[in-house]
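Please read the structure below before turning to the comments.
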Amino acid sequence: MRFVNICFLVILVGLITGSPVCGETTSPATEIEKDTFSIVMVPWRGITDAEKGFMDYLKRQNIKVEYTILDVKKDKSLLPGYVQKIKEIKPDLVYVFGTSGAVGLCGTKDNHPADKYITDIPVVFNIVSVPVKSGLVATLETSERNITGASHIVPLDSQMKAMQSLINLESLGVVYNPQEKNALVAVAGLEKLSKEIGFTLYKAPFSIGPDQKTDPASIPSTVKGLAEKKPQMIYLPSDSFLVANAKSVVAEISSYKIPSFSATEVPIKKGQALTGLVSRYYNVGQLAGYKAEQILVHKKAPKDIPMETLSRFSFMFNMTTAKQLEFYPPLSVLKVAEILE
Amino acid sequence: MTDSDKQSSKRGRLYIVAFSVFLILAASGLVSFLAMGEFERVLVPELDKKSYSLGTSVQGLIIKSVGYGIPVDKLNGVREYFDTILNENPELKYIALTDKVGEVLFTSSGFPRKEVSAFFRLSQNTENKSVTSGTVDKFFNTSLPIIQEGTLFGFLHLGISKNFVRNRIKEIGYDILTVLLITFLLTFELLLLTFSGLIDGPIKQLVARFKSMGKGRFANTVNVSVKNEFGRIHQQLNLITLEIGRRLQDIEQACSSSNKRLPENIAEIAKDNTIAYPDSIQEIKQERLIEIRGFVFLFFFSAMFPASFLPLYIGELYQPNLPLSKELVLSLPFALYYVFTALAIIVGGPWSEKIGRRKPMIVGALLNLVGYVATAYATDLIMLTLCYSTAAIGFGLVMVSCQGYAVDNSTPDKKASAIAMFWAGFFSGTLCGNGIGGILAERVGYSNVFFIAAFFSLVVAVLMARLISEKKISDDVQEPESFFPNLLILLRNARFLSIAFGLSIPAKIIMTGFIFYLTPKFLALQDVSQSNIGRVIMIYSLMFVFAGPVVSRFFERLVTNFKFTFLFTLLSGGALIWAAWMNNIIGLVIGIAFYAFFRSSCTASSTALILEVCKKEVDAIGAASVIAVASTFERIGNILGPILSGLMIAYFGYQEAIAGYGLITIAGGIFLMLSFFRHWFFFGRKISNNLEGA
């Protein structure tokens, strides 16, 4: 039976935060409706800071929620089964992490037949880099569908300014998964900026294995090829393959004494990438929680809720890597940066 | 009143005003002197404190870096960071980071290595872990240790130039002098207003009445507006006059009822109107001129606040979205301001004659208020232009209706001095406004100065509403002046056109284009403070108020008017060319001073020249109308000035634009000379001076 492998959990918010929410009494002063809402959460790789932020936000707003968690475990093939399961549960709202998860549950704006995708239940997506370019929604102002959500991506030109505050940018390398739409969009953006600003961009896609998936074994050779071109810095776009293999990718890059700049938080925090201008997953999760509140409590239609990213970002700097590379942040950056030791 | 009485009254008034002004100036001067001493005493410790405060912030960051394990000599981006702090704090001359034995590791740009490096090596030792400050060469130096977990890593040094302290004290001194000068003018205006209105005027009237009564004349009462003792004496005298008239009436009635003849001496009195019956007693209206001078002063004082910084404020709002050069675009709000002022004068003149001066005055002050408040909130050039043009309409309305009020409320023989009084209030108001506007802008910011000016407009509007009455002293009904028919009459006179295009319009072009537009921008580019920009513009007004009339009178005795005007026009143009040749702040300041000196001397004579060459027109429409139309026509120069500036700066640059203004002045003078050449003999005699004040 297919669902045997499904991690089917009904948990309360408190499982994450340490105290049960089901039956939890809320402040009598609150004006929010006391009904318990049911939300199905579809995380990509278990509960991350993004999901914690989402659930913490709703808890802080005294919104009682009963969560059902369907973990994708980075396996896209599970998604069609989850769609059917969600249709059976009929929750008040579905939360989904990442572009692959969101497209897998909701289809694209041009292709989302009701029998294959969720169309009649409101969906809030989170940590989707480019909702429009990935075909998920029509515009950022309105999805024109029953979905809305939050993006974690920092505008590329802001990232570029952050890089320029560290080095006098003349050459930049980028490693990426050629199968990942987010990464391809970022690389296209970098190409455009390289012409506008005037720096050389060296592209290094990872190889595709016999199973038609990106091959982690190609990491050393890809990085080596790129390092031989001597870029001043290597950029790590928002890419689930990169996130999953952050440690090995960054270790390879650092072995050539090249600083790495990440578009997302995880490669810096867990993979020891040198630096990056990022949206913290926890904060983006809270923004997604706010969207869910608009739907559940304020009864707004998802298509009327614009998709947004944060307005303030974190300039992260991994000091362990900085010491290893002897690449220290300038004083002006150090003053505002979030230092990880 | 005999001439000697008038002289002694004038002398007495002058003594009182001079003594009061002296007392106020002496008190203000003493307070300023003491404040200056106090300022000097606390400035250095205050700067030390600031150095320390800035130093601890940088020190904290360096300690944090060292705490993360970054070696002190491997710190990154130090010079850039130090330079940012230096840019934000102009009093700081250098920041340096040394190791624990005083060897310089990092410095800000322009670090005076020769002067202070040796001091750092000598003064630092590993035992010294406290903050120290002292004098190093030309600097006040503060040193802070970099200590992380008890280990000394080095020292951070911040230096303030002694010159900065000296310049700061000098600047404050200039500010105090400016304020003292303005205090002098303001006190003079207010004393004149209160003294003449409340004391001198009623006393003079009392003297005149007693003299008249002494001769047995009891046929008039006086309309008394003052509510002090003098007013009460006048009221009592009014009652006595009425009572005597009633008694005369009673005697007449008693005689006629008893069919007796009036005694001869009483009949004579009734006959020659030395005593009048109560119903035929006439009320003498008072001149109400002095109050308008106060309003004019106060209104134009505040209206000129933005003059010294307006081009810079406009520059801040510039966005490149028009297919015109930046300088030209920036000059347009200025030019439109003068267009709307001229329109308000042309339209407002007849309007205020028709409905009375009070309403246009109040409407003008309120429009100015609204315009200034809105200008403070302007977020782009179009909005600023609209708002500032609204203020311009108010400015024009107040100008024309106050001038009209002065004329309306003076006897025919005193109309010329009434207009002169208006201009005296106008010039001293603008002079003070220029100076104070600059000082205020530097201390409270551009937008807030607009709010302060708007507040003054409100005060003026309220005072006008309370104190100005619609009554005129002369009851003669005047037809509203018609500008365009009168202008057509003047335009037919070729010599009038020569004076307008050769003298008056170039003068206006230079006033708005050079003094009010180019000068603030040029000085701001040289990093001159806003207060000093205001003071430079003040020089121009100062020359017009004080030097012009004196020089004009002095030279008139030596040369004929025309020769004098021509010579001074050439000299004023030469002053600008010299300023362009110098191409620095001192050159510009001296150039403006000399330009204004020579030009102000020409202004009065140009008025007399116009009256001389427009004799026929004066006969047809009157001297006042000729002057009014001519001065409105000259406003073409006001409008052209900023546009010309914009074009010349955009296509040639500042230095060439200043020289261009000199050439315009000289070309105007030569044009004037050539056009009058055939009539040279006509100007071989002096032009009568009695019209100069008109």
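The values are calculated or read from the model by the stated rules, or taken from the named source; none is laboratory data. These figures come from a predicted structure and were not determined experimentally. Glycine gets a Cβ as well: all are built from the backbone with ideal geometry, and neighbour counts include every protein chain shown.
Some notes on this structure:
- Restricting attention to the range B:46-72, the residues that are loosely packed, with under 13 Cβ neighbours inside 10 Å and closer than 12 Å to residue B:154 by Cβ add up to 1.
- For the range B:34-43, the count of residues that are farther than 28 Å from residue B:136 by Cβ and either modelled with pLDDT of 90 or more or more than 14 Å from chain A (Cβ to nearest Cβ) (or both) is nonzero.
- Residue identified as more than 19 Å from residue A:122 (Cα to Cα), surrounded by 18 or more Cβ atoms within 10 Å (Cβ to Cβ), away from every other protein chain (no Cβ under 14 Å) and at pLDDT 90 or above among A:248, A:254: A:254
- From the list A:261, A:241, the lone residue that is in contact with a Phe, Trp or Tyr (Cβ under 8 Å, 6 or more places away or on another chain), more than 14 Å from chain B (Cβ to nearest Cβ), closer than 23 Å to residue A:73 by Cα and of a type in the set (A, V, I, L, M, F, W, C) is A:241.
- Residues in the range B:86-102 that are among the small types (Gly, Ala, Ser) and out of contact with any strand residue (DSSP E or B) (no Cβ under 6 Å at 6 or more places or on another chain): B:102 alone.
- Options B:656, B:612, B:617; residue that is in a helix (DSSP H, G or I) and at pLDDT 85 or above: B:656
- Every listed requirement among (1) over 15 Å from residue B:642 (Cα atoms); (2) aromatic (Phe, Trp, Tyr); (3) at pLDDT 85 or above is met by residue B:340 save one, (1).
- Inter-residue pairs, beta-carbon under 6 Å, first more than 11 Å from residue B:234 (Cα to Cα) and in the range B:199-216, second at pLDDT below 80 and surrounded by 15 or more Cβ atoms within 10 Å (Cβ to Cβ), 6+ apart: B:200/B:13; B:216/B:274
- Just one of the listed residues (B:161, B:212) is surrounded by 13 or more Cβ atoms within 10 Å (Cβ to Cβ) and modelled with pLDDT of 80 or more, namely B:161.
- Wholly enclosed helices (runs of 4 or more DSSP H) of the range B:495-550 bearing at least 1 residues among the small types (Gly, Ala, Ser) and surrounded by 19 or more Cβ atoms within 10 Å (Cβ to Cβ): B:505-509, B:530-542
- Hey, residue A:275 crowded, with 24+ Cβ neighbours inside 10 Å, at pLDDT 90 or above and within 14 Å of chain B (Cβ to nearest Cβ) or not: yes
- Helices (runs of 4 or more DSSP H) enclosed by the range B:310-381 - at least 3 residues per element that are of a type in the set (Phe, Trp, Tyr) and buried (at least 22 other Cβ atoms within 10 Å of the Cβ): B:326-355
- Number of positions in the range B:52-97 that are part of a helix (DSSP H, G or I), small (Gly, Ala, Ser) and more than 8 Å from every other protein chain (Cβ to nearest Cβ): 5
- Residue count for the range B:298-338, restricted to those that are among the hydroxyl-bearing types (Ser, Thr, Tyr) and within 30 Å of residue B:464 (Cβ to Cβ): 5
- Considering only residues in the range A:309-341 that are in contact with a Ser or Thr (Cβ under 7 Å, 6 or more places away or on another chain) and among the charged types (D, E, K, R), the one that is surrounded by the fewest Cβ atoms within 10 Å (Cβ to Cβ) turns out to be A:341.
- Meets criteria (without any contact (Cβ under 8 Å) to a residue 60 or more places away in the chain and outside any helix (DSSP H, G or I)) for residue A:178: yes
- Residue check, residue B:467 modelled with pLDDT of 85 or more and aliphatic (A, V, I, L, M): no
- Test for residue A:151: is it out of contact with any helix residue (DSSP H, G or I) (no Cβ under 8 Å at 6 or more places or on another chain) and in contact (Cβ under 8 Å) with a residue 24 or more places away in the chain: no
- Residue A:232 touching a residue at least 60 places away in the same chain (Cβ under 8 Å) and either within 14 Å of another protein chain (Cβ to nearest Cβ) or farther than 20 Å from residue A:204 by Cβ (or both): no
- Selection status of residue B:183, of a type in the set (Val, Ile, Thr), over 28 Å from the mean Cα position of the chain (by Cα) and crowded, with 16+ Cβ neighbours inside 10 Å: no
- For the range B:83-106, the set of residues classified as more than 46 Å from the chain's Cα centre (by Cα) and among the hydroxyl-bearing types (Ser, Thr, Tyr) consists of B:98 only.
- Test: residue in the range A:143-152 that is polar (S, T, N, Q) and out of contact with any Asp or Glu (no Cβ under 8 Å at 6 or more places or on another chain): yes
- Neighbours by Cβ (under 8 Å, 6+ apart or cross-chain): first from the range B:44-59, within 18 Å of residue B:164 (Cα to Cα); second surrounded by 16 or more Cβ atoms within 10 Å (Cβ to Cβ) and acidic (Asp, Glu): B:47/B:91; B:50/B:91
- Residue in the range A:301-341 that is farthest from residue A:271 (Cα to Cα), counting only those that are more than 14 Å from every other protein chain (Cβ to nearest Cβ) and assigned to a loop (DSSP other than H, G, I, E, B): A:301
- Only one of B:231, B:245, B:216 that is part of a loop (DSSP other than H, G, I, E, B) and either more than 48 Å from the chain's Cα centre (by Cα) or not β-branched (Val, Ile, Thr) (or both): B:216
- Qualifying residue in the range B:105-113 (condition: part of a helix (DSSP H, G or I), within 13 Å of chain A (Cβ to nearest Cβ) and within 25 Å of residue B:130 (Cβ to Cβ)): no
- Residue in the range A:284-292 that is at pLDDT 90 or above and either part of a loop (DSSP other than H, G, I, E, B) or within 14 Å of chain B (Cβ to nearest Cβ) (or both) present: no
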